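Have a look at the structure below before the remarks.
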Amino acid sequence: MNSIYSPGSPILLPHGARIFNRLAEFLRKQYVQYGFQEVITPTIYKKALWAKSGHLENYADDMYTVTSTSPSRVAEEELENNEQDEYGLKPMNCPGHCLIFAAKKHSYRELPIRYADFSPLHRNEVSGALTGLTRVRRFHQDDGHIFCRLSQIESEIRQTLDFIRVAYGVFRLGPYRLALSTRPEQYMGSLEDWDQAEESLRRALNMSGQEWTVKEGDGAFYGPKIDVIVKDADGKEHQTATIQLDFQLPKRFELEYIAPAPELEQRGKTTLDPDLLAVRGPVRPVLIHRAVLGSVERLMALLMEQYRGKWPFWLNPRQAILLTVNDTPPIVEFARKTQQILLGAKPGKDGTVQASNMFVDVDESPRSVNAKLREARQKGYGMIMVVGDREVETGTLTVDTRGIPEKQGQPSSSSCKISRLPHPEKKASKLAPFSISPTKMDPSGTSPLEENPPEYIAAARAHGIPLRQSAPIKRGPLPLELPILSYLKTKRVILASASPRRKALLAQVGLRGDHLEIIPSTVPEDVDKSTHGPEEYVSATARQKALHVYQLAIEEQEKIANAKSVSKDSKDKLVPEDVGLVIAADTIIATRAGKILEKPRNEADHVRMLKHLRDTRVHRVLTSICVMAPKQDASHPGYEIANHTEETKVFFAQADDGLPDEVIESYVRTREGADKAGGYAVQGVGGLVLIDRIEGNVDNVVGLPVRKCLQLCEKVCFRQGEEEVGETDEEED
């Protein structure tokens, strides 16, 4: 909530405080891995400190000034201590951390030294810029400062980028983009220092393997920075994490550490010369400012929109609730006692409490159980327990955990969990009818036995990773007696794609051999991604392919028919029959923010893209089908065309759960990996390695939603001229 008595300073109520504390606890646990030591620093400092740091000169408009309102105290302090009574509320923690570093001497062996601070910051934002939790005047930042040697800059930045990747993967935030903000118009220090700092950040960004852009003139006044930009549910961008490189504050605070060969050390150079190493002297450290969450309040706002009430259990402020059937004393007493047990509120022998850190509420209001259940589910409780006479008698409870989202997303009726091998009950004899081609099985019948498995499969097995198995496809023609299939078997049907998977899917419904001709489209995809959304883009490219192949087929027919060197009898044999139907499809991967991923141009791009898919976890796979047939009345434009776009969410495996870098790199080196249109179609054995699970139509991911394709074929062949009707909500059988 907000108050008119403190505009721009959010007041966190109990549930908000629970989320805030969980986020802080999460970061503190990660500090152990990344080597940060937490410190606590003052909220106000004298103006002299802000003058020394350069904030008074460059940041005064955004700072709050604090002065004494007691004239007698002011006069007394000035008389005794000759102190100024004007202070500044800190907008940043860096000057305080510089004071800590300067308080003792340091050896080069101690560096890097990393300090972290969660104390509140105050910035005097103009009232018109204040927005909820995303733009405030008082906020908390997981502020961190790294004092390091020049030679340690790039490794520290890479480690911080890894910290951000890990944290945002846990929060399921993203995809995010990186931006390098360069020297602003108002800055401290020399151009040489700025150029050196910007070049260090550029090298670190290039080595990160992630895409990044440049924001000219948007750096801090003391140094360039890398910003992490995240989009909210409305598509508005917010800067969250940041990494800033600073050569100026160490100079202003005269920070030093002692190192051998100090002149070389100051330039980031090393030597083995014993004479040079015998000389020790002071060296100026480099300061790296970093925040992983950024403003904790802003991150909370983004997470609220991200989860929409379906919080991960560990972060949920409403983890569990006990609902009483009535308000009789035994039931209410049992519910309260259970709450205390779950909270870990019972004191030990020494009188202290070992709390469980769970959030458990009790609803003992005199209402019906159904009303309480409905309210508890609407509020997003993870676990719901109903307490009645039977529970009191048996001393047990039934726990409803349907409110707890799955590890990578909330439960969904359309979710398809790809199972893991091995499955001992799947013997070779039972799997044989579902194999497209004869498959050798190992003696246990649990997995295919390959004489020369692909390199990435061997790499996965070397890591002890159980491969995931895609849904089997039944072998042979399905017993479908559909009018559209009977019709198409008498026509010339062209598939405008070289995808073997799409061909195989159509073969399963009987369109194979003489009934299906393959003419891949070679037209460049020239649709502008910047002016089209993912759905519009993939629909336009599929339509482009269908029209291109249809035109190719007609031109080929006319070329042979008009050839003067071919006799009439030969023409009758050589001229292809009229096109009866063209089927085209295109597949793209789009981020949750709506960005269309580019298809890689080379092996390195391919590896980088697959690592990006893995690290950002969930993406949208969109496949658009376009079918067209000649009009029966030959009216202009001479063909009937129909489109449909299908969307599926794909959850990629994680680095520590089935997809380490080595497996990705070896996968891309194989012919199978190279044939996958940049990894867009996750087919065959590749799907076992790359994908954890999907939500939506499996056929969409592997190539072609066949059922929808046949519906479109019926429309363009049998119902020409009819207006398209809306989709029904009926589920597929």
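The values are calculated or read from the model by the stated rules, or taken from the named source; none is laboratory data. The shown structure was predicted, so the numbers you read here are calculated from the model rather than taken from an experiment. Backbone-built Cβ (ideal geometry, glycine too); neighbour counts: all protein chains shown. Areas reflect the complete protein model, heavy atoms only, side chains present, ligands, DNA and RNA absent. Shrake-Rupley method; radii C 1.70, N 1.55, O 1.52, S 1.80 Å.
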Listed residue pairs exceeding 21 Å between alpha carbons, taken from K599/K708; K631/K715; K47/K90; K104/K251: K599/K708
Which whole-number percent gives the relative contact order of segment 210-365, counting Cα pairs below 8 Å spaced six or more residues apart? 17
The simple spin-label model distance between V39 and Y487, using points 7 Å out along Cα→Cβ, in nm, is 7.7
What ranking of M609, M304 comes out by heavy-atom accessible area, probe 1.4 Å, highest first? M304, M609
Going by accessible area, probe 1.4 Å, with all protein chains left in place, what is the ranking of H140, H619, largest first? H140, H619
Taking the Kirkwood radius as the inverse of the mean 1/r across Cα pairs, report the Rg/Rh of segment 263-346. 1.48
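If each residue of separation counts as 0.36 nm, what is the full-extension length gain between R707 and R719 once their alpha-carbon separation is subtracted?
Length gained between R707 and R719: 2.6 nm.
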Percent breakdown of C-alpha pair distances by 10 Å bin, ordered from the shortest bin, for segment 269-418: 9, 26, 24, 16, 7, 7, 6, 4, 1
Using amide H atoms built in the peptide plane, which far-off residues or other-chain residues are under 5 Å from D361 H to H? A320, I321, L322
Between V387 and residues 5 or more places away or on another chain, the pairs with built amide H atoms under 5 Å apart involve L323, T324, V325
For E297, what accessible area in Å² do you get when you roll a 1.4 Å probe over the heavy atoms of the protein chains, rounding to the nearest 10? 10
Report the accessible area of F163, computed with a 1.4 Å probe over the heavy atoms of all protein chains in place, in Å² rounded to the nearest 10. 0
Want the number for A129 to L343: 0.36 nm per residue separation, take away the alpha-carbon distance, what's left? 72.9 nm
Could you check the spin-label model distance between K215 and S190? Points 7 Å from the Cα along Cα→Cβ, value in nm. 2.9
Largest first, what is the accessible-area ranking of D389, D692 with a 1.4 Å probe? D389, D692
Accessible area per residue in Å² at 1.4 Å probe, computed on segment 108-160: 37
Might you work out the accessible area of Y31 for me, using a 1.4 Å probe with all protein chains in place, and round it to the nearest 10 Å²? 10
